[in-house]
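Worksheet: the structure to be examined is printed underneath.
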Amino acid sequence: MDPVEHIVRVFELIALADDVVQFLLAELERKCREEMGIEYIEIDVSAYAPRMQRTLLELNFLPVAYVPAMVFYHVERLDIVKMVRLNKLQELGSLGLTEPVQAVADVVMRGFSTCVIAPRMAQAIKEVPLFRGMNTE
């Protein structure tokens, strides 16, 4: 937790059982928002844990990055998905982005305010040259 920047970062989130995960994450989010005045919560979750990712989506976290080989599990390096929840939207002002990237940035920022991002993001990504040639999945 960084009280100056009003952020909380959780890294290497691993759950051995699913039955209490949603409650614990919901409590973390509530305490951050209501008691600590946290504006930004970032959680690194295994890319191979779809239930954990789904739980975070249900708590209005959004995926913001895919990071290959970020954490160790036994002797293996695993990929993570960075999931973020903004409790207070920041005004970024004007950014010098290319037109296709600006379209993606607009969708992402709108997604944080509406928490409806996946279909729009998938459409906007098709316009970014970096992702050309990749299949939908």
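Within region 37-56, the residues that satisfy the criterion of being under 20 Å from I7 (Cβ atoms) and surrounded by 15 or more Cβ atoms within 10 Å (Cβ to Cβ) are I38, E39, Y40, I41, E42, I43, D44, V45, L56.
Condition test on E12, is it modelled with pLDDT of 85 or more and either surrounded by 11 or more Cβ atoms within 10 Å (Cβ to Cβ) or outside the structural domain of V107 (by TED's automatic domain parsing) (or both)? No; evaluated as a whole, the condition is false for this residue.
The values are calculated or read from the model by the stated rules, or taken from the named source; none is laboratory data. Only a predicted model underlies this, so the values are computations on that prediction, with no experimental measurement involved. Backbone-built Cβ (ideal geometry, glycine too); neighbour counts: all protein chains shown.
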